[in-house]
1. In terms of Cα to Cα distance under 15 Å, which aspartates and glutamates are near enough to LYS275, apart from those fewer than 8 places away along the same chain?
2. On the Cα set of segment 133-247, report Rg and Dmax in Å, please.
3. Can you give the relative contact order of segment 238-325 as a percent, counting alpha carbon pairs under 8 Å and 6+ residues apart?
4. What net charge is computed for the residues neighbouring ASP82, neighbours being all others with C-beta under 9 Å from the C-beta of ASP82, Lys and Arg scored +1, Asp and Glu -1?
Amino acid sequence: MSDQATKRPAASAGAGPRTGTGPSAAYRRRLSRYRTRRLLEFHLLAMALAAVVAVTALLVSYREVALSADGLRSQAAPAVQDVAATRLALLRADWEANWVKENLNGVPAAGESYQSQLSAADQSLSRLAERTSDDLGTINGLLDSYGTSITDGALYYHDDRPIQDQKFREAGSLLIRSDVGLVPRLDKLQNGQMDRAERLATMGALGYTGWVVAELALLVLALTLLSALWVLRDRCGRDYNPWLLSSLVLTVALAVVPLLAMTVTQRHLDNARDKLTAITTVAKQTERETKVDTTDARVRLDGAQTRVSKTSQEVRKELSAHEWQNSVYYGALGGGILVFLLPATGIGRRLNADYWRAR
């Protein structure tokens, strides 16, 4: 046998591409002009950049959703509920005081019902003052003036009809006078609080962009990890690398778990926003109905207050904080650190073990 027949071409370490057909062969040919060390270094750099971008966007986006839920839970939603409760309590107090005037003048304890409603309105405003930066001084002053006028008319001047009528007209003006009355001011306050709740409950374009960037960067990271595993198998004869495989599993988890958690939280925010809208609608609709038709007004007002109270409980349930929300965030933080360190360790060990002299 001749020497030429027995000779085989010597494959340089990490540089000799295999032959074949199919996607794997095509990918091999595309990478054939790069030395193995350069390929591994490129993969390491790409994985590091993708991990930094993905984890940063993921943590910021998830934190924004969590902060929105917290803001809606602690401030915006209770403020909307307190304004609606104040409005209904005032309407109920006005109806009760007028009923006392027409039916029970001079009867002992006849004013207890409307006085309790005035007290409820005052308490709701006090809670509201703790949850909003709006100046409630004017509304509190109007409420005090209204309470004084309606009490004078219902209790202290029940034997003096002209003065009693004057006090009730004065109270009515304080309550519903256009733009400057209690109810119109509460309307403006309610609209502002609902706008705030809408902003917190609705994910804007910036929020969606953050999630898209995070998911795309995680996709790039996963594809780069798969490519690195293929290079190690094709060029280095390593069938698997536990560091890269672990990082790939974590990458998939980071792409799925926080996204599912965000989806659940956002669904609760949407439900809470709808219920807050319903609360506002009940308060305004009840006022219109009692103005047009005073029949069974007390029943309607009582039913509206009950619905607002029940819906408020449902909102609190929707927005209740869950331990898993913080756990997902800190889990994503820990997983993000690992998806940065594991590839660096896996590729770095291979570079140091096999290619530390390569140029």
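No lab work stands behind these numbers, since they all come straight from the coordinates. Everything quoted here is computed from the prediction, not taken from an experiment. Cβ atoms come from the backbone with ideal geometry, glycine included; neighbour counts cover every protein chain shown.
1. Once the sequence-local aspartates and glutamates are set aside, what remains near LYS275 is ASP82, ASP195, GLU198, GLU314, GLU318.
2. Rg and Dmax of segment 133-247, Cα atoms, are 33.7, 105 Å.
3. About 39 percent, as a whole number.
4. Result for the neighbourhood of ASP82: +2.
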